[in-house]
1. First measure r as the distance between the Cβ atoms of Q219 and F122, then evaluate 1/(1 + (r/R0)^6) with R0 = 41 Å and state the FRET efficiency to the nearest 0.05.
2. Check the straight Cα-Cα distances from K226 and name the lysines below 19 Å, setting aside those fewer than 8 residues away within the same chain.
3. Given axes a ≥ b ≥ c from the Cα gyration tensor, I'd like to know whether the chain is rounded (a/c under 1.5), prolate (a/b larger than b/c) or oblate.
4. Roughly how many percent of the accessible protein surface of the chain is carbon and sulfur, given a 1.4 Å probe and a whole-percent answer?
5. If you take every residue apart from H352 with its C-beta less than 13 Å away from the C-beta of H352, what net charge results, scoring Lys and Arg +1 and Asp and Glu -1?
6. Can you pull the one-decimal nm distance between simple spin-label points at R132 and Q527, each 7 Å off the Cα toward Cβ?
7. Relative contact order of the chain: what whole-number percent is it, with Cα pairs under 8 angstrom and at least 6 residues apart?
8. Enumerate the amide H contacts of S585 below 5 Å, restricted to partners 5 or more residues apart or on another chain; note that Pro and chain-start residues carry no placed amide H.
Amino acid sequence: MAEFAQVIIDITHEKVDRPFQYRIPQRLRETLTVGCQVEVPFGRGNHIRRGFVVEVSDRAEIDREKIKEIAGILEGSVSAESQLIQVAWWMKERYGSTMNQALKTVLPVKQEVRPQKKQWIFCLVDREELNRLIKEAARKKYRARERLLRAFLATNGIPMELLANQMNITRATIKPLEEKGILMVDSRSLVRNPAESYVQSKEGGWEEEGLTLNAEQQQVVLQIKKDYDEGIRKTYLLHGITGSGKTEIYMELIDYVRSLGKQVILLIPEIALTYQTVMRFCRRFGSQVSFINSRLSAGERYEQFERARNGEIPIMIGPRSALFTPFRSLGLIIMDEEHEGAYKSEITPRYHARETALYRASLSGASVVLGSATPSLESYVKAMHGIYGYFKINRRAKANSVLPQIQVVDMRRELQEGNRSIFSRNLAALIEDRLKKKEQVMLFLNRRGYSRFLSCRNCGEAIKCPHCDVTLTLHREQGQENQLICHYCGYHIPRPKTCPSCGSPYLAPFGTGTQKVEAMVREVFPQARVLRMDLDTTSKKGGHEEIIAAFGAGEADILIGTQMIVKGHDFPAVTLVGILAADLSLYASDYQCSERPFQLLTQAAGRAGRDERQGDVVIQTYSPKHYCIEAAAAQDYEGFCKRELEYRKLLHYPPVCAMMTLMVGAEDETLAETAMGKASRLILTWEKDAGENGQLQVIGPVNAPVYKLNDIFRKIIYMKSENYAILIQIRNRTEELLKQMDEAGKVNVQFDFC
């Protein structure tokens, strides 16, 4: 039984890594747990202060005689802080990290936000007149004016900053409308809720039109409500095809849970957290909504969490970090696009938001809804085993909207028949057809840049990053010199004129990225208006929203981009989606190398024909018979899962079993090898003992797929077991071993659970 407790006195202080150790009195040892709020003597005067227990142990860190004793446990309901500390402790134990690392993940750092003034633009005309003005702007082809006026269909007040940064609207567009008395410019104090930029004004604004759910949607909502009314709190998997109206179901459930006085967290991958998405929820729930994302400063994020803690907002929308919103009465967690890799943290603790959401829901007495058109295999298997509730929606929500026609083009045959273009003949013909019909096209390639690498045709050497074990990617920007850029560490150099290895002038680019596709589209279809959306074009604040708004307003015919263009967007005028290289990652060294492309292809195909017009999708591939490609073309999720699970069972990969990876890294390559050698000897000994019963399988150690990353050499070892507890024990033993190394501070140790 633990004898000592680490206590943080001020949970909102910037330095949450400064706990104080206290002795647990005998009378409290059976009741005191991590997360408890306690009273402790503090300072020279031993004044009684309140604090939170963040860790318990049997080891004294200083002289036992100098350790003060906890005065008592505060009675009453569990606070939001207590619950989050319990979540941090669970993350530490499950994923491996220090308690301080876990606390910094779940607790916002206190930072103040300076008040400031902001210019707002208000619409002064009624809805009928606004619609007339929109039609007039469209007729005269005033694209920016039309886009501006359309924004006021959802709200009658918009910050100038949002119009400029996210919708590319300038004062030149606003001024004539202001002079005619259609718009008014006013300065006012910055509203504390960032969602106010999207929220309609109830005075003179317009209400969100009532939703009418179809029979499939109603069945889902009614069943979850029934369970909730009966006190049943569980996890549900909502498996709905693209365009099936999952968002409408979310809003109905949020409305219901809110009517019971509960609070809601809606998780959305950062890449899908767009103006278009947030606007829908703000129009339905108004000022009840707030959101966080990576564009908010630490102070702004902290302020939104404080508003949630104080009960000012009951609905929080955001990426995985929104899961730690300090709600006191959490009733529902919704996780949209639950299959997305963005829900997995890339820094320690390497938690998965899905598992963490389930744990937090269990502490709160909340239900969880996981939604996706292509659920992760982990969630699907649990649903099939009855661990999760399961709902399947097979038709699109919009009347007369059906799934697109999908054709697979074998690019090997295209080459054999003389077509050396990146566009198959079928795709090129369909693009021409859509341009004539004034319909829109999306072209998807999950690789940015102009060319994948630059190689010498004399000696064969490719130009690599000096800090990472990867080739540099060629980028071209208008008006700028060509650049070679590392997509891992950001290192960049101008394109050399001669080979650094042999001095030959014969350097040639190989491979294709989104920049090169853009150049080819402009050459082949000179009449088309083209936009490109990838990490390069969206790096500035509001860049993502600006491109989406322009494309949605019809200012471009073709949108080219990486995976960010195929996530959650709804463009009624898009009737053609071209997938230019479907098999880019099919043969990667990753057990999910078929699952992820299947999900991405299915999501990409779902962007076409979302309105009444029939959509077409062209999948270009060099592996047309791969089961991933065939299943995506047939929109056959169940067929793909059946085939994929057969391979997972055969090779003993998740979700059939648990898998843990240990990565050891150091700037000194020899030190990395020494540390991994010690760890692997311990692990292989464990495998010998546990392996006799088939309880543990070890692969490696080997070099990591990217061996050198930002000057760190990395070794990796994989462990698989059906018994998760064995992997936890190995992690704990290995952590202790590596901490005892003489140069432990120079070694990076990272555990990752799959």
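1. Numbers: r = 42 Å, r/R0 = 1.03.
About 0.45, to the nearest 0.05.
2. Result set, ordered by chain and number: K234, K246, K262, K392.
3. Values: a/c = 1.63, a/b = 1.19, b/c = 1.37.
Here the chain falls in the oblate category.
4. Details: 15860 of 34070 Å².
Of the solvent-accessible surface of the chain, carbon and sulfur hold 47 percent.
5. Details: positive: R94, R320, K344, R350, R354, R360; negative: E338, E340, E346, E355, E378, D752.
So the surrounding residues net to 0.
6. 3.5 nm
7. Numbers: 1413 pairs, mean separation 80.9, N = 754.
11 percent.
8. Those lying under 5 Å, H to H, from S585: there are none.
The values are calculated or read from the model by the stated rules, or taken from the named source; none is laboratory data. The model shown is predicted, which means the values in this text are computed figures rather than measured ones. When we count neighbours, we look across all protein chains shown, and the Cβ atoms used for this are built from the backbone with ideal geometry, even at glycine. To get the accessible areas, we keep the full protein, side chains included, count just its heavy atoms, and leave off ligands, DNA and RNA. Shrake-Rupley method; radii C 1.70, N 1.55, O 1.52, S 1.80 Å.
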